[in-house]
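Novice: Structure provided below as C-alpha cells; questions to follow.
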Amino acid sequence: MKKKMAIVLSAVMALTMGTTAMAAPSPSITTETVQQVVVSSSIGGAQQAVSLSGQQTATLPGTTFVTASGQTVDAAAVAMVTTPATAEQAQAAAASLVAAIASSDVKVVNFTGQGALSLTDAAGNLNIVNNMTIGLSTASGEAVAQNGSISAAFALSDILGGKTLNVGETVQALYQRADGTWVAVPVVIINGTIAIALPAFGGAVNVTFVVAQGTPSTTVSATAATSPRT
C-alpha cells in the first residue's frame, strides 16, 4: 500500500511542481440537474493524524508552515489531521453543494485541470460518499497554517465506504471557501488508492467527496493550476 500511495502522490504533485504561479481556473462548472441527494450512511469514524513526511502525504517544494502563535515550523514537525464529519455536517455540506450547483450566484470553480467536470453520478444524483475535515497540527496539538500545497492519499475503499463505482463514474473532491464558493480540486486514482491536492489554508478545510460521471484520472493535467488559496 505504501508504494501505491507514493505513486499516486507523485502523480498529484506533478500538478504543481512545474508551475511557479497560480494559473487561472477553468470556468465555473456548468449547472447540472440533480435528481436527488444521496449521503452515505457510512460517513464517520475516528480522527487520524499522519506525518507530512510519511507515505500518505506529499508537500510541494517551497511550502511553508506557521503555527497559530506565529512560529515557522518544518514540515517534519507537522501532522495532517483528518476528522470524519458527523451525519449532520455531511447533510449540511450536501445541502450547500446542491444549492450551489443550482445557483447562478454561487460559483463551483474547477481547479482540476479537466476541461469538463460533472458533480452528479450516472443516475444524475448528487452522491456524497465521504466528508471530512483536514487540518494541520504540531505534535503538541497547535494548529498550523500552510502556504503552498500539500497532497493526501487514502484507500479508495475507505472513501467510498463500501460503494462500488459504476462504469463511467469517478470520484471528485471539493471544499467550500469562506465566501461560499466551492472549489473542485485535483484527484488521481491508481490501484485502489485516491489522492487529492489541497490548497494553502490558514485553518482546517472541509472536503466533500462525490461520485460523479467521468473516467478516473491517473494523472493530473500539466495545465492545471496550483491549489488555490482559501
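Laboratory data are not the source of any read-out in this text; all were calculated from the coordinates shown. Everything numeric in this text was worked out from a predicted model, so none of it was measured. FYI the Cβ positions are ideal-geometry reconstructions off the backbone, even for glycines, and counts take in every protein chain you see.
Novice: Where does the charge balance sit around A212 when Lys and Arg score +1, Asp and Glu -1, over other residues with C-beta under 13 Å from its C-beta?
Specialist: Working: positive: K163; negative: E32, D121, E169.
Once positives and negatives cancel, what remains is -2.
Novice: What does the convex hull of the Cα atoms of segment 142-202 come to per residue, in Å³, rounded to a whole number?
Specialist: It comes to 123 Å³ per residue, whole-number rounded.
Novice: Add +1 for every Lys or Arg and -1 for every Asp or Glu among the other residues with Cβ under 14 Å from the Cβ of G124, and state the total.
Specialist: Combined, the nearby Lys, Arg, Asp and Glu give -3.
Novice: Also, I was wondering about something else. Would you work out if segment 80-230 is rounded, prolate or oblate? Take a ≥ b ≥ c from the square roots of the eigenvalues of the alpha-carbon gyration tensor; rounded if a/c is under 1.5, else prolate when a/b is larger than b/c, oblate otherwise.
Specialist: Numbers: a/c = 1.33, a/b = 1.26, b/c = 1.06.
Judged from the Cα gyration tensor, segment 80-230 comes out rounded (a/c under 1.5).
Novice: All other residues with a Cβ under 14 Å from the Cβ of T67 taken together, and with Lys, Arg as +1 and Asp, Glu as -1, what is their net charge?
Specialist: Taking every Cβ under 14 Å from that of T67, the sum is -2.
Novice: Which of T193, T33 comes first, and how do the rest follow, when ranked by fewest Cβ neighbours within 10 Å?
Specialist: T33, T193
Novice: Let me ask something additional. Starting at the first residue of segment 135-149, write each ³J(HN,Hα) from the Karplus equation 6.51 cos²θ - 1.76 cosθ + 1.60 with θ = phi - 60°, in whole Hz, x for Gly and Pro.
Specialist: x, 10, 8, 7, 4, 7, x, 7, 5, 10, 9, 10, 10, x, 7
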